[in-house]
Amino acid sequence: MRAAREHALASIAASLVGLLFSGFALAQSAQMENSNLPPLRLPSGIEPAPVEAPKTILHLAAALGATDTQPVRSGLQWRIFEEKAELDGTHKLVAQSSEATPVFSLHDGNFIVHAAFGLAGATKRVAISGKGVSERLVLNAGALRIVGELGDAPIQPARSSISIYVPERDNSEAKLVVANGRTGDTIGLPEGSYHIVSTLLDAASNGAANPTNSVVSADLRVQAGKLTDATLRHRAATMTLKLVSGPGGEALANTAFTILTPGGDVIREMIGAFPSLILAEGEYVAIARHDNKTYQTTFKVVSTLDRDVEVLAQ
């Protein structure tokens with residue numbers, strides 16, 4: 001019995017030795033094969049991709065007044081700058097948007113947020129530190145919508161020019177803040193008093209728009225959080241000038257016309273057989289020059305009553 005056990009143990013030991021030598025041989029063979037492989041090389045110029053810092057979401061909205069519950073829906077311009085100034089003193093622009101309630105994705109840091117609504121604006125410092133942020137800026141501004149009319153009819157935008165001034169004592173046009181505005185425009189303005197001037201435009205022969213003497217002005221106040229509507233009504237008409245030999249006659253070509261007020265102020269000088277112009281309601285003097293001769297007449301302009309003005313060559 002004892003002899004049988006010793007024989008079995010000897011057999012197991014021999015088997016283990018055989019397996020050990022077999023594994024060693026396989027390992028040597030694999031090592032020899034692997035030694036024939038070329039070394040692994042990465043393409044030149046490729047760097048491992050940098051790990052990008054996480055970003056945080058910033059939600060923005062703006063209100064015209066502190067008590068407004070609804071945000072401004074349109075007309076906003078948003079810009080975000082780094083708070084730290086550059087060497088030249090400027091601040092780096094990192095993002096911008098014209099959406100009403102934009103959403104930005106920013107790295108952690110300190111930023112300056114600016115919202116512009118027409119001529120009104122607000123600025124706020126925002127700190128980003130790994131958590132989503134929502135900010136609401138109060139513009140302390142209102143909106144002004146100007147409508148121009150000729151008589152009772154709306155004026156086409158291309159036929160008017162609107163200027164807006166910030167008045168000072170004894171000077172209603174002290175500071176021009178809006179030039180060449182158009183009827184129907186809605187303009188954002190800081191809360192305050194303004195002087196509005198609407199000038200009716202006249203199409204010249206070359207297609208350019210010239211200001212007429214029909215000018216209407218108004219003083220008004222813009223309140224924060226409110227839309228102010230202003231209607232400026234012009235009283236004017238289009239006059240067509242003619243130099244004729246007799247009433248109802250054919251217009252003489254190459255005639256030079258000068259239009260003056262009764263006090264002698266020159267309104268417009270024109271050349272042609274029948275030039276036309278827009279004049280404010282009132283009385284005028286027309287002087288016509290043809291073949292070194294001068295003729296004149298007086299006439300009256302009634303609002304919205306367009307007509308011919310004949311100067312008799314007699």
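Taking a probe of 1.4 Å, how large is the accessible area per residue of the stretch 183-314, in Å²? Could you put the intermediate results ahead of the total?
Numbers: 6820 Å² over 132 residues.
Roughly 52 Å² per residue, with all protein chains present.
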Applying the Karplus parametrisation 6.51 cos²θ - 1.76 cosθ + 1.60 with θ = phi - 60° to the phi angles of the stretch 185-199, what ³J(HN,Hα) value in whole Hz is obtained for each residue in order, glycine and proline being reported as x? 5, 10, 10, x, 9, x, 4, x, 9, 9, 10, 10, 10, 10, 10
Pop out the ³J(HN,Hα) list for the stretch 109-118 in order, Karplus 6.51 cos²θ - 1.76 cosθ + 1.60 with θ = phi - 60°, rounded to Hz; leave Gly and Pro as x. x, 9, 9, 10, 9, 10, 10, 10, 10, x
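Just subtract the alpha-carbon distance of Ser97 and Thr294 from 0.36 nm times their residue separation and send over the number in nm, one decimal.
64.6 nm
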Simple SL model, points at 7 angstrom along Cα→Cβ for Ile271 and His107; separation in nm is 6.7 nm
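As an exercise, use a Förster radius of 22 Å and the Cβ-Cβ distance of Ser74 and Gln156 to find the FRET efficiency, rounded to the nearest 0.05.
On the way: r = 23 Å, r/R0 = 1.05.
Between Ser74 and Gln156 the formula returns 0.40.
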The stretch 200-305 - Debye-derived log10 I(q)/I(0), Cα point model, q = 0.19 Å⁻¹: -1.01
Residues meeting the amide H criterion for Val177 (H placed from the backbone, H to H distance under 5 Å, 5 or more places apart or on another chain) are Ile164, Tyr165, Val166
Across the Cα atoms of the stretch 129-252, what radius of gyration and what greatest pairwise Cα-Cα distance (Dmax) are found, in Å? 20.7, 88
Just grab the label-to-label distance for Ala256 and Ala66, each label 7 Å out from Cα along the Cβ direction, in nm (one decimal). 6.5 nm
Violations at 31 Å Cα threshold for listed pairs Lys175/Lys226; Lys175/Lys300; Lys55/Lys226; Lys84/Lys175; Lys226/Lys300 -> Lys175/Lys300; Lys55/Lys226; Lys84/Lys175; Lys226/Lys300
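The values are calculated or read from the model by the stated rules, or taken from the named source; none is laboratory data. Computed from a prediction, not measured in an experiment: that's the story for all the values here. Cβ: placed from backbone, ideal geometry, glycine included. Neighbour counts: every protein chain shown. Just the protein is used for accessible areas: all its heavy atoms, side chains included, with ligands, DNA and RNA removed. Shrake-Rupley method; radii C 1.70, N 1.55, O 1.52, S 1.80 Å.
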